[in-house]
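So the structure is just underneath, and the comments pick up after that.
The values are calculated or read from the model by the stated rules, or taken from the named source; none is laboratory data. No experiment lies behind these values; they were computed from the predicted model shown. Here the Cβ is made from the backbone with ideal geometry for all residues, glycine too, and neighbour counts use every protein chain on show.
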Amino acid sequence: MKNISRRGLLAGASALPLVAINATGARAASFHYKFATNLPPEHPLNTSNAAAIARIKAATDGALDIMLYPNSQLGTDPAMLNQVRSGAIQFFTLSPLILSTLVPTAAINGVGFAFANEAQAFKAMDGKLGALVRGEIEKAGLFAFDKIYDNGFRQITTSTHPIKTPDDLHNLRIRVPPAALWTSMFTDFGSAPTTVSFNEVYTGLQTHLVDAQENPLAIISTAKLYEVQKYCSMTNHMWDGFWLLANPAAFNALPADIQTIAKREFARAALEQRVAVAKLTSGLETSLKGNGLIFNNTTPAAFRAKLASSGFYTTWKAKFGDAAWSTLEGYTGTLA
C-alpha cells in the first residue's frame with residue numbers, strides 16, 4: 001500500500017486507547033475495528049460491506065482490519081448505538097428512524113408516503129436532505145458516511161387479515177422499531193403499535209405478542225418472517241435506509257490515506273448494495289408467494305389522506321422544523 005507511513009499510523013494509534021492496535025518491531029501499527037449490523041449475514045447490506053472490508057484490508061496492506069458482526073450479535077439497536085458512541089464498536093449501520101432517538105432530524109426520510117419511488121429517495125438523500133441530516137448526526141457526536149444504504153419501501157405483513165384500506169389498521173397489534181415516527185404514524189391510523197427489537201420480531205410474531213410487522217421485502221425474506229405471517233400488503237408506507245456510522249475518535253485515529261480508502265470503499269459498497277437490493281426485491285414477491293404469503297396492493301392516496309386528516313403531517317412539520325421540512329418537500333412536493 002502506498003503513502004501509509006509507520007509514523008502516521010502510530011500517531012493515530014496514540015489517540016485511540018479503546019480499540020486493539022498492534023505495533024511490533026518494524027511492523028506498522030494495525031487497527032482492528034468492529035463493524036456491527038442488525039441484519040442476517042445473507043442480506044445485501046452485509047454481503048456488500050463484507051466485500052468492502054476485504055478491499056479495505058487489501059488496499060491498506062492489512063493496516064485496517066475490520067471484523068463484521070451481523071444479525072445483532074453485539075446487541076440490540078439501542079445497545080449497539082451506545083457502543084458506537086462509546087467506541088466499543090467502531091462502525092455500525094442503523095436505520096435513520098432508530099437513529100432519531102439520538103438525532104431527531106434523521107427520521108425525516110421516513111415520513112409516511114413522502115417518497116414516490118427509490119429514485120426520488122436517493123436524489124434527496126444523496127443531495128441536500130442527506131447533507132442536512134449528516135450535519136445533525138455530526139452535531140450529535142457521530143460520523144456518517146456520505147452514501148446511505150437502501151432498506152427499501154416498507155410493507156405490512158399480518159397473521160390475521162390483509163391491509164387494504166386505512167380502516168384495516170384499526171386496533172392492529174403491529175410491531176414497530178423503537179422510534180417515535182413509527183409509533184406516531186400507526187397510532188394515527190388507530191393501530192396498537194408495540195416496540196420490539198428486530199432480533200425478537202420472529203418470536204414476537206410466532207407467540208402472537210404482536211400480529212403484524214412492517215419491513216421491506218428483502219428483510220421479510222432473509223429473516224424468514226413469512227414462516228409466521230400470512231398476508232403481505234404492499235403499502236409502501238415509508239422509505240427506509242441505513243446510515244453507516246463511525247465513532248469519530250476511532251475514524252479520526254486512522255491516517256488520512258486510510259480514511260480516504262475507507263470512504264471510497266464504503267461509498268462503493270452502498271451503491272452496490274442499492275443495486276443488489278433492487279435485484280433481490282424484484283423477484284421476491286414471486287418467491288414469497290411460493291412460501292405461502294398472500295399479497296395485495298393498496299392505494300397510497302387513501303392512507304395519505306387519513307394521515308393528513310389526523311394531523312400527522314402538521315405535527316411532524318413542527319417537530320422537524322421549517323428548514324428541514326422545506327428541504328424534504330423540495331424533493332417530494334407538498335405533503336398534507
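Exactly one residue among Ser309, Ser233, Ser221 is within 21 Å of Leu45 (Cα to Cα) and not assigned by TED's automatic domain parsing to the domain that holds Pro96, and that residue is Ser221. Of Asp257, Asp211, all but one fail to be surrounded by 15 or more Cβ atoms within 10 Å (Cβ to Cβ), under 20 Å from Thr194 (Cβ atoms) and either in contact (Cβ under 8 Å) with a residue 40 or more places away in the chain or not basic (Lys, Arg) (or both); the exception is Asp211. Applying the set (1) over 30 Å from Ala318 (Cα atoms); (2) in contact with a strand residue (DSSP E or B) (Cβ under 6 Å, 6 or more places away or on another chain) to Phe92 leaves exactly one unmet item: (1).
Contact annotation: no residue pair with Cβ atoms under 6 Å, 6 or more positions apart or on different chains, pairs a residue in region 98-121 that is at positive phi with a partner that is surrounded by 23 or more Cβ atoms within 10 Å (Cβ to Cβ). Here Phe153 fulfils each of the conditions (1) closer than 21 Å to Phe115 by Cβ; (2) aromatic (Phe, Trp, Tyr); (3) over 14 Å from the mean Cα position of the chain (by Cα) apart from (3). Only a single criterion out of (1) assigned to a loop (DSSP other than H, G, I, E, B); (2) at pLDDT 95 or above is not satisfied by Ala26, namely (2).
Filtering Leu288, Leu284 for residues that are surrounded by 12 or more Cβ atoms within 10 Å (Cβ to Cβ), modelled with pLDDT under 95, farther than 22 Å from Asp126 by Cα and among the aliphatic types (A, V, I, L, M) leaves a single hit, Leu284.
The single residue among Ser191, Ser221 that is buried (at least 18 other Cβ atoms within 10 Å of the Cβ) and more than 21 Å from Pro300 (Cβ to Cβ) turns out to be Ser221. Within region 197-233, can you find the residues that are in contact with a Pro (Cβ under 8 Å, 6 or more places away or on another chain) and farther than 20 Å from Pro166 by Cβ? Across region 197-233, the qualifying residues are Ser197, Phe198, Ala218, Thr222, Ala223. The helices (runs of 4 or more DSSP H) found wholly in region 248-323 and carrying at least 3 residues that are aliphatic (A, V, I, L, M), more than 23 Å from the chain's Cα centre (by Cα) and more than 30 Å from Ala52 (Cα to Cα) occupy 300-310. Return yes when Gln229 is of a type in the set (S, T, N, Q), touching a strand residue (DSSP E or B) at 6+ places or on another chain (Cβ under 6 Å) and within 30 Å of Gly141 (Cα to Cα) and no when it is not. For Gln229, the condition - of a type in the set (S, T, N, Q), touching a strand residue (DSSP E or B) at 6+ places or on another chain (Cβ under 6 Å) and within 30 Å of Gly141 (Cα to Cα) - is not met.
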